[in-house]
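One structure below.
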Amino acid sequence: MTKYKMHLLVCGGTGCRASASDSVVEHLKMELENKGLQDEIQVVMTGCFGFCEKGPIVKVSPDNTFYVHVKPEDSKEIIEEHIIKGRKVTRLLYQDPEKKEAITDSKHMDFYKKQIRIALRNCGFIDPENVEEYIAREGYMALGKCLTEMTPQDVIKEIKESGLRGRGGGGFPTGLKWEIASKNQADQKYVVCNADEGDPGAFMDRSVLEGDPHAVLEAMAICGYAIGATKGLIYIRAEYPLAIKRLKIAIDQAREYGLLGKKIFAANFDFDIELRYGAGAFVCGEETSLIHSMEGLRGEPTIKPPFPAEKGYLGKPSNVNNVETFASVPVIIRKGANWFNKIGTEKSKGTKVFALAGKINNVGLIEVPMGTTLREVIYEIGGGIKGGKKFKAVQTGGPSGGCLTEKHLDTPIDFDNLIAAGSMMGSGGMIVMDEDNCMVSVAKFFLDFTVEESCGKCSPCRIGNKRLHELLDRITKGQGTMDDLVRLRNMSNVIKDTSLCGLGQTSPNPVLSTLDNFYDEYLAHVKDHKCPAGECKDLMKYFIIAENCVGCTACARACPVGAITGEKKEAHFINSETCIKCGACMERCKFDAIIIK
Amino acid sequence: MTKIKTLADLKKMKEELQTKVDLREKGDSAENYVQIKVGMATSGIASGAKQVMDFLIEALEKRNIEAVVTQTGDMGYCFAEPTIEVKKPGEEPIVFGYVDMKKADEIIEKYIKLGELVDGIIPVNYQVIDDK
Amino acid sequence: MEKVKLTIDNKLVEVEKGTTIYKAARQLGIDIPVLCYMNLEGLGIENKPGGCRICVVEVEGRRNLAPSCSTDCTEGMVVNTHSMRVINARRTVMEFILSDHPKDCLTCSKSGNCDLQNMAIKLGIREIPGQEYAAMSTYKMDFSPSLIRDLDKCIMCRRCEMMCNDFQTVGALSAFKRGFEAAVGPAFEMDIEDSTCTYCGQCVAVCPTGALTEKDHTREVINALSDPTKTVIVQTAPAVRAALGEEFGLEPGTLVTGKMVAALRRLGFNYVFDTDFAADLTIMEEGTELLGRLTKHLSGDKEVKLPILTSCCPAWVNFFENNFPEMKDIPSTARSPQQMFGSIAKTYFADKIKVKREDLIVISIMPCLAKKYEAQRDEFKVNGNPDVDFSLSTRELAHLIKQANLDLKSLPDEDFDKPLGESTGAAVIFGVTGGVIEAAVRTAYELHTGKKLARIEFEQLRGMEAIRKATIDFNGTPINIGIAHGLGNARKLLEDIKAGKSEFHAIEIMSCPGGCIGGGGQPLHHSDSSILTARTKAIYAEDEGKTIRKSHENPYIIKLYEEFLGKPMSEKAHHLLHTHYFDRSRKIEIS
């Protein structure tokens, strides 16, 4: 086997690939061949590094050089300078935004310092299309251990003791879920992996599947052994072509190596996995909807009980876990429950992956121990608010989470604390908002999504959310009344109280949490017809500052509706009744005389 | 390709494959290993640094010494090329000059293995080569 | 059976494990309002999607409210069905539903008979806050020969979908689109006419709003009755007389045969006849066909098609033409009683009264919506003139009677006109599941064996089980009979035939639960299956009260053969009383 002296790890996640990282790989290989170094330096396309803001990323191992925003044409310089001459290419290094200096070793980057990677341990580290790299990282050892040294009960006990809770949002104890499924007797049971990641801006499951597909396969087999299932199904959205491709490769390789199939590790255990594709309906992330969709039925929820563990896919006991939950399982088995449950808080063990988005410097994917505070995540890992603006709120838990404020910043993040604060863990979306975000608009934005994604089965979610959205729309247009605010809260409470599934039971959260935390902003819209953040177009007015206006008439000529009047060489005036707020006047004015307020 | 039939098969395969990701794993926690940086600027390459690096990698592996060998730019000691910097876990780095294969072998055997000092140490006022 | 104890509204109740809160509350006399939930007890028909959320109740220790229709009781549960939290939620949800529902109640055909309207009344809804700026989900109207779909009024209760898919296995209706735009209809929002719909009308029978209604033909009938150049005659199906009274406040199961005749006469029909007459005729034809095939079979003919399937039910005919076209030579070729009546009326009777075919209008009163489609089939027309001009449902007849200011309850009992108004008990029981085959057996037995039946009632053919089987001893020859009501049940028997596993010689199939008494054109049962049982009893009572109870003994049938048709299965009978079937299976092309 060739002994490589250096590895060039190139991010092959969907984000970096969209910025031509596959072309970077080709160019690097070409340059290496040009220099005759192809046998000394290995180029590996890995899964996501998480630091998507800066992609495409090339990491040089073993010296931990972290190149960002790498373009294919940079390949030559990397090879000639760094690889041959040992001189790091400074212009491509990540710069510390505070100290404004290049960081040569990725371990010194704030983004990675506080992270502990369990679910993402192999992402950005191994070639996900090569099972041997996974095996080199102790892959399938956990499955081997389960099948040769542990009884199914032992496995369940280990998972229970680890304190692992479902990472898909609900936070249900995973071990308990497995135990229930194991106790329901049936001729056939199923292990289902929920890879129907649907929160806007969330991509942790996609990253795991793209970066470390075997971890999920191994965990599903472990689960199959624990609950007595021989079939695994991964329900994945068809919009994840790269994850699907890598899963297919991984499944084929695992079968080829005998890690899936009959009599795995010579034990009396058969297990195989198939893919099922979802059409991208958000509600199909809810487990009963997911199962119906896999059965070829309309993707909509049914009342629980019966739980999938009793009556799931094709009426058989089925255990549904999310991708990230599964990805944590092999490590727990290998390192033991006691290793895992030392990480995290009292009731939420281990780590959680979050997708950082919004007005934050380091947009990307991070994995931190439970109990890390929002402040640490936003300011240390996330690098603070973009453009040095003031932090206003952070929305956790996806579209049906709540907006948390300054006063929650020091709350340690775990399942229970987030719920107590009026939000939720959800699947791990984190959208940061700054002073320019209008909270009424934010609530409306999230309702936009839930209105679109409601399946329509139950009336409160089907119609109620639409009505909430209509009210919010009116408020952002300055048409809301004080009565509307009362109705908004009542409707939200009833929708939460009466909806059939988790979608409707949480969809009013953005409304309720903004009503709670930003009531003043609602009042400003309703009473003063003003949007304090300046986001609601309908509430903004264009004014001419008389002192600055020279009466050049440019604005009046630009106005398409004749809303601007005034004599030549005298200050002009905008009739706000007629004004359609197109902004043409402001663009035309050379004297900064036109402002929006 | 043979199938993995038993856990022993898997363990064996894992041992064989370990080298595939060794480099990356060590890079992630280099402070736990012997770290060797080889000065590889033009002057270094001309004076045989590349051969020294190859030798170090091979020899360390043969002798089962867990080490991370990386290259670096000009160390500023052109007069003493090829130069290498050796840092043992928990110790200060030491720079050796005029390292050829024979010298490299000596550094491994004496300094790295036994902690004995070897001739050719470039003393004091040097700059750590991390940042060029 | 394991029992659980719980408290509902401070009252202790013990129920079997697996009982829902809704049912447990009913045991205590607490009627929790339900909208989407529907249960036809004893028929195995239940709809509980848990979608409307009207029936929510508060359960102590539970985070959110529980839908009582689909939440099982647990030991020690404490339920409150009318806390302020519950009442507020119920009203708010109802306001949501109504905010997306048209407010044209005054002209809606369901007005006064609408579950949604009744719920609005019960919950005291007086205004819909924000209605003035609330968007409404709107859809195109869909008209077909039998039913009309106005999905603006759909509240997603899914009852129709359940009937069409689970009970009938027709699969014409399913939910489409999602969220606010979601509604129930054929795939790709195609017209119902282009779908596999059989027009059984069970969707209409269960729809709680005006979203699914029959195609109303009362206007056409009024026009015919007011045209002095036309002779207008009417036939009434057996199941109508057992249900019409309900529309006038009479107890379910009250027979109103005589009053119905009186009402029709007062409406101005020139002759009031009975479809039952044609039912007797059907038995003569179908029974002879059965005996013919049986005789061939018993003498060793391997080619003969058995079992013979009844063909009176038009939705059933549509069903097998759609789904089992390869078996279209198995059902009896006998036309349905409605069509036999029309055919005889426009030939034999028209001749008798010397009225030209074009000037004779035949109206039928049916418990059925598929009959509207059947009447329009091309094969039942002569030079474009249909044998049956218009078919009204029981509900439409009730509307007509009310419009005419007639008080059904106080009308005298009158008799049908002769000759097409005379019928036997065998014809009456066509209205219930198992009745057609029982009538056929009564005649076939006597014709085959030459012996008189000692006992006319065949109890083994009666009942409400989905699929029933019985063996009748035909003088040493055992005849195996199968009965199914509901097309899903029929499908099972058909699959057996297809697989060569069927043990039957004859099978009766009716599309609707309980047979025609549960038809899609009947007064709405509002999910009370005891109404269907009461109608069934009434039908059997009518049979028992008849002096003649076997079709072949109907003197006017005997006369019809003597004067006109010759004998059963004669060439003339074949021409006028039999039909053929078509392959109507279709592929849906997605463009």
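What follows is calculated from the coordinates using simple rules that are stated; it is not laboratory data. Quick caveat, the model's predicted, so the values are computed rather than measured. Ideal geometry is used to build each Cβ from the backbone, glycine not excepted, and the neighbour counts take in all protein chains shown.
For the reader, a short list of remarks on this structure follows.
- Cross-link reach list, lysines versus A:Lys568, counting only Cα pairs under 18 Å and skipping chain neighbours closer than eight places: A:Lys590
- Taking every DSSP bridge with both residues inside chain A, close to 55 percent are antiparallel.
- Residues whose amide H comes within less than 5 Å of that of A:Ala309, counting only those at least five positions distant or on another chain, are A:Ser318 (H built at 1.01 Å from N in the peptide plane).
- Bridge type composition, the protein assembly as shown - antiparallel percent by DSSP, nearest 5: 55 percent
- With Cα atoms, 0 to 90° folded angle of helix C:84-99 axis to chain C main axis: 50 degrees
- Of the complete DSSP H runs in chain A, those spanning 18 angstrom or more by Cα along the long axis with a mean Kyte-Doolittle score not below 0.0 are A:213-227, A:323-335, A:439-453.
- Label positions at C:Arg584 and A:Glu567, each projected 7 Å from the Cα along the C-beta direction, are separated by 8.4 nm.
- Label-to-label distance for C:Arg357 and A:Glu26 is 7.7 nm, based on points extended 7 Å past Cα in the beta-carbon direction.
- Shape analysis of segment A:291-421 based on the Cα gyration tensor places the equivalent ellipsoid semi-axes at 32, 21, 14 Å, largest first.
- Distance between segment C:1-58 and segment C:484-549 - C-alpha centres, whole angstrom: 28 Å
- Value of [θ]222 nm, deg cm²/dmol, for the protein assembly as shown, DSSP H segments ≥ 4, -39500 (n - 2.57) each, nearest 500: -9500 deg cm²/dmol
- Using equal-weight Cα scatterers in the Debye expression, the normalised intensity of segment A:272-365 in log10 at q = 0.12, 0.18, 0.22 Å⁻¹ is -0.59, -1.01, -1.08.
- Taking θ as phi - 60° and the Karplus parameters 6.51, -1.76 and 1.60, the scalar couplings of segment A:546-557 work out to 4, 4, 7, 6, 9, x, 7, 6, 4, 5, 4, 6 Hz in sequence order, x denoting glycine and proline.
- Scalar couplings 3J(HN,Hα) for segment C:352-364, obtained by applying the Karplus form with A = 6.51, B = -1.76, C = 1.60 to θ = phi - 60°, are 4, 9, 6, 10, 5, 3, 5, 9, 9, 10, 9, 10, 10 Hz; x denotes Gly and Pro.
- Note that segment C:341-351 has calculated 3J(HN,Hα) couplings of 4, x, 5, 5, 4, 7, 10, 3, 6, 4, 4 Hz, one per residue in order, obtained from phi through the Karplus relation 6.51 cos²θ - 1.76 cosθ + 1.60 (θ = phi - 60°); glycine and proline are x.
- Each principal axis of the Cα cloud of segment C:1-59 was taken in turn, and the coordinate range along them, longest first, works out to 27, 26, 17 Å.
- Whether segment A:6-112 is rounded, prolate or oblate, judged on the alpha carbon gyration tensor where a/c under 1.5 counts as rounded: oblate
- Restricting segment C:263-318 to GluC sites (Glu not before Pro) in coil, as DSSP defines it, with at most 15 other Cβ within 10 Å: C:Glu303
- Relative contact order [Cα under 8 Å, 6+ residues apart], segment A:351-434, whole percent: 37 percent
- Relative to one another, the C-alpha centroids of segment A:516-539 and segment A:1-51 are positioned 50 Å apart.
- Furthest towards positive pole of dipole, A:Leu356, A:Asn341, A:Ala309, structure part segment A:294-364, Cβ charges: A:Asn341
- Residue pairs, from the table A:Lys466/C:Lys110; A:Lys114/A:Lys530; A:Lys304/C:Lys140; A:Lys349/C:Lys23; A:Lys177/C:Lys17; C:Lys328/C:Lys567, whose Cα atoms sit over 31 Å apart: A:Lys114/A:Lys530; A:Lys304/C:Lys140; A:Lys349/C:Lys23
- Counting DSSP beta bridges with both ends in segment A:351-434, the antiparallel % (nearest 5): 80 percent
- Inter-label distance for A:Ile596 and A:Arg91, nm, one decimal - labels placed 7 Å from Cα along Cα-to-Cβ: 3.6 nm
- Per residue of peptide A:55-67, the mean number of Cβ atoms on other chains within 10 Å of the residue Cβ is 4.
- Members of A:Lys189/C:Lys469; A:Lys35/B:Lys3; C:Lys356/C:Lys418 lying beyond 30 Å, as alpha-carbon distances in this model show: A:Lys189/C:Lys469; A:Lys35/B:Lys3
- Amide proton proximity set for A:Leu233, modelled H, under 5 Å, gap of 5+: A:Val191, A:Val192, A:Cys193, A:Glu274
- On the beta carbon distance between B:Asp100 and A:Ala102, with R0 = 30 Å, the FRET formula returns roughly 0.35.
- Chain C: relative contact order as a whole-number percent, Cα under 8 Å and 6+ apart: 16 percent
- Amide hydrogen proximity for A:Met45: with H placed 1.01 Å from N in the peptide plane, the residues at 5 or more positions away or on another chain lying under 5 Å are A:Val10.
- Kirkwood Rh and Cα Rg combined as Rg over Rh, evaluated for chain A: 1.03
- Relative contact order of chain A: 11 percent, from C-alpha pairs under 8 Å at least 6 residues apart in sequence.
- With viscosity 1.306 mPa s and temperature 10 °C, the Kirkwood radius over alpha carbon pairs of segment A:541-596 converts through Stokes-Einstein to a diffusion coefficient of 149 µm²/s.
- Segment A:439-527: C-alpha gyration tensor shape, a/c 1.5 cut-off, then a/b vs b/c: prolate
- Charge tally in the Cβ shell below 11 Å around C:Lys230, where Lys, Arg are +1 and Asp, Glu are -1, C:Lys230 excluded: -3
- What separates the Cα centres of segment A:270-301 and segment A:112-138 is a distance of 28 Å.
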